[in-house]
Structure formats: C-alpha cells, structure tokens
Amino acid sequence: MRFWRVSGVVTLAVLPGLAQAVGFGIGINPAYRTTVTPLKNGVYEVATHGTSAPVAYWCGIGDFAIRTLRTQATQRIYIARAYDKQTRTVQFSLTPPEGADTSKGYSVTVKRVGANLSAASAQGYCYDNLMDFGF
C-alpha cells in the first residue's frame, strides 16, 4: 500500500513538468507540422501533416504571419477559403474577404469564410499542451 502512495505522490509531482516538456518543446518549432504556401493577392494556403484539427491550421498561419511576415500581434487573419476536405487545406488572408461575415465568435473553426483571429491568438494554439494528448 505504501508503494502506491509514494508512486502516486511522485506522479503528481512530475506530471506538470512532463506536460510542459511534451507540449511545445524548447520553443523552437510549433508542435503542429504545417506547410504555408503563398498564393496570389495576399492569400496563404495552409496544409497540416498528421492532423486536420482546426487549431493546427490557425497555429500554422499565426506562426507564419508573426515569424515570417513580421505582422503585428494584433493583425487580424481571415479565412479566405474554408477547409477543403479533398486537399486538407485552408486559405487565409490578412484582409477581410468581400461580402463575408467577419464578426468575432467563440468557436475555433476553419469552415466559415470570414472567421478570424488575431495573429497572436492564432499563434497561441502552437503552445497548447493538450494537443499532444489528443484531447
């Protein structure tokens, strides 16, 4: 019985550190593997590798916008073309698409043209520790 108590205490003590180590790593690369391809007229196509979770697409474009394009953290990123099941891609733009509903919402989606997040919020999904556990 004593063994289970000790091992339970050790597990509770080590688990927070393990969760941090598994999530983003050392802070060099996003946990989601994405490929961002610049298209015409300021549109960027994001493809993910290994997952089609909406946060993976937002992570990819957010990280690309801040690190590569050097946008401000407050820059809004808009879905220009919603998730395409055949190619498993989403197209994003830094300008709002014409005629689309660009109101802010509480859902993280890649299925509605005009859905948007700030670049910092999108990149923030790269640091989500729960993504590695499949929750």
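Tabulated values for the structure
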read-out: Segment residue 37-residue 109, extension gain: residue separation times 0.36 nm, minus the distance between their alpha carbons; value: 23.9 nm
read-out: Reach of residue 85 by Cα under 14 Å, taken over aspartates and glutamates that are not fewer than 8 positions away in the same chain; value: 45
read-out: Placed amide H near residue 89: partners under 5 Å, 5+ positions off or other chain; value: 84
read-out: Exposure proxy ranking, count of Cβ atoms within 10 Å, fewest first, for 126, 59; value: 126, 59
read-out: Dipole in debye (nearest 20) - segment 33-133, about Cα centre, beta carbon charges: Lys, Arg +1; Asp, Glu -1; value: 140
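Any read-out appearing in this document is the output of simple, stated calculations on the displayed coordinates, not a laboratory observation. Only a predicted model underlies this, so the values are computations on that prediction, with no experimental measurement involved. Positions of Cβ are backbone-derived with ideal geometry, glycine not excepted, and every protein chain shown enters the neighbour counts.
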